[in-house]
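Note sheet for the following structure.
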Amino acid sequence: MQLSVTVELDYWLPAPADVLLQIEVAALPDQRLDRQSLTIWSDSPVAAVAGHAGIGQRCVARGEGQFRLTYDALVTIDRAKVDIAGLAATPLAALPGDAIAYLLPSRYVEGDEFEGFVSATFPSLAGGALAQALVTWIDRNLVYRAGASNGTTTALTTFANRSGVCRDYAHLLAALARAGGIPARCVAAYAPGVNPPDFHAVCQLWLAGAWHLVDATGMAGARDLAIVAVGRDATDIAFMTVFGTATLCRQEVCVTVV
């Protein structure tokens, strides 16, 4: 699978502010960057630092007034399709240290609050069988609705409201998985066919000794996703974090299959 990715962001910053960006596709063993170009219009130098868990990179910029960037990439994805339902759980004692953190609750993913629900609703399931059951439950009980949530919506709120966007689906799946003993991290990605076209959020679940991509919205498969960043929740994977005030003027994300 080869994807073409183009992004254009145009914001207005009424006062000087630092901006943290995660726009670029990560270079990983199962996704090759054939071409990429990021242009940021800024009067100040732009710095690059490693992304969360060493995946991808963040750019640190500073702006005032119009803040604009464009990004263009061509990425080849070589990732096998895996049926998660047949994958084994990993005992806590056998987990790598960096995976254990993704069993714990975080700002938007209150996994500990769902332990009773998961144990009562899926009492005999574990590992991949549980993961697949959680994805099916979300598909049957949530409605994808633009505008149903905001930047403060957590997994608990999404569970109560039974609606949300990709970020909310990812948060809820991560919370349910963590409650069931499956390490789960949120992933920022690009994918074709996302409606409306935008930055996309999915999950990675630790099963059978590896991370496996799962899109709870059903919009994309593992072989369609170009990973940008990973983290505990939306705090870590946001495409843009402004340390100040910003107004959106224009935002366009286009992902097509080449």
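Some observations on this one:
- Farthest toward positive dipole pole in segment 17-172 [+1 Lys/Arg, -1 Asp/Glu at C-beta], among ALA26, LEU95, THR39: THR39
- Shape of the chain from the C-alpha gyration tensor: prolate (a/c of 1.5 or more and a/b above b/c, with a ≥ b ≥ c the square roots of its eigenvalues).
- Within the accessible surface of the chain, defined with a 1.4 Å probe on protein heavy atoms only, the carbon and sulfur portion equals 52 percent.
- This model, with +1 at the C-beta of Lys and Arg and -1 at the C-beta of Asp and Glu, gives the chain a dipole about its Cα centre of some 240 debye.
- Positive minus negative residues near LEU172 (Lys, Arg vs Asp, Glu; Cβ under 15 Å): 0
- Above 16 Å, the calculated P(r) of segment 24-107 contains 72 percent of its Cα-Cα pairs.
- Model label points for CYS254 and ASP43, set 7 angstrom from Cα along the Cα-to-Cβ axis, are 3.1 nm apart.
- Taking Cα centre as origin and charging only the Cβ of basic (Lys, Arg, +1) and acidic (Asp, Glu, -1) residues, the dipole magnitude of segment 80-194 rounds to 300 debye.
- A dipole drawn for the chain from +1 and -1 charges on Cβ atoms has a positive end, and of ALA15, PRO192, PHE159 the residue lying farthest that way is PHE159.
- Shape of segment 48-184, Cα gyration tensor, a/c cut at 1.5: prolate
- Adding -39500 (n - 2.57) for every DSSP H run of four residues or longer, then dividing by how many residues the chain holds, sets the calculated 222 nm ellipticity at -5500 deg cm²/dmol.
- Computed with a 1.4 Å probe over protein heavy atoms only, the accessible surface of the chain comes to 44 Å² per residue.
The values are calculated or read from the model by the stated rules, or taken from the named source; none is laboratory data. Computed from a prediction, not measured in an experiment: that's the story for all the values here. Cβ coordinates were reconstructed from backbone atoms using ideal geometry, including for glycine residues, and neighbour counts include every protein chain displayed. To get the accessible areas, we keep the full protein, side chains included, count just its heavy atoms, and leave off ligands, DNA and RNA. Shrake-Rupley method; radii C 1.70, N 1.55, O 1.52, S 1.80 Å.
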